[in-house]
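The values are calculated or read from the model by the stated rules, or taken from the named source; none is laboratory data. Small disclaimer: the values here were computed from a predicted structure and weren't measured. When we count neighbours, we look across all protein chains shown, and the Cβ atoms used for this are built from the backbone with ideal geometry, even at glycine. In case anyone asks, the SASA skips ligands and DNA or RNA and just uses the protein heavy atoms, side chains included. Shrake-Rupley method; radii C 1.70, N 1.55, O 1.52, S 1.80 Å.
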Amino acid sequence: MKCIYCGYEDSKVVDSRSTVETNSIRRRRECLNCGKRWTTYENVESVPILVIKKNGSIQPFDKNKIINGIIKACEKRPVTLSQIEGIADDIEKELTDRMVKEINSISIGDMVMERLKPFDDVAYIRFASVYRQFTDLENFKNFISEI
């Protein structure tokens, strides 16, 4: 790493620590020429995930949209915010681990439903009714009978 003071091309790492809040690594460096020290931060380069909506439009993945959808489904239900955030974090982690670059919104909805069902049946049905966009009562009854 190039020294920020004298421009010398080589330095050594004196101290290295991970930072929890920014998920990065803090490094104290020392120039091998002038001896001055400075701090650098290394961050993992993230690949943006794009979501293909039902109408064909493409939007960047937004975990907050998942959280807001689950919050609406869980209104007046015994599901905590930390559980909701845990579901959203789990989905984001799975997509990141699979190194997905594009995913359709239907797959994300399925992932939410899969994780929401063990927490609360009513919230699961509420989310499904909006997500699946039931056109009539018969479709909704069929869905309920499958559960």
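Of all residues in segment 44-64, one or more are assigned to a helix (DSSP H, G or I) and open to solvent by less than 80 Å² (accessible area, probe 1.4 Å). Tyr8 meets each of the listed conditions (1) at pLDDT 90 or above; (2) among the hydroxyl-bearing types (Ser, Thr, Tyr); (3) assigned to a strand (DSSP E or B); (4) open to solvent by 70 Å² or more (accessible area, probe 1.4 Å) apart from (3). For segment 109-135, give me each residue that is under 20 Å from the mean Cα position of the chain (by Cα) and among the hydroxyl-bearing types (Ser, Thr, Tyr). The one that is under 20 Å from the mean Cα position of the chain (by Cα) and among the hydroxyl-bearing types (Ser, Thr, Tyr): Tyr131. Can you work out which of the residues in segment 11-33 that are farther than 30 Å from Lys93 by Cα and open to solvent by 80 Å² or more (accessible area, probe 1.4 Å) is farthest from the chain's Cα centre (by Cα)? My answer is Asn33. Every test in (1) out of contact with any Asp or Glu (no Cβ under 9 Å at 6 or more places or on another chain); (2) at pLDDT below 90; (3) not in a loop (DSSP other than H, G, I, E, B) is passed by Arg126 save one, and that test is (1).
When Lys36, Lys76 are checked against the criterion of being on the phi > 0 side of the Ramachandran plot and open to solvent by 70 Å² or more (accessible area, probe 1.4 Å), Lys76 stands alone in meeting it.
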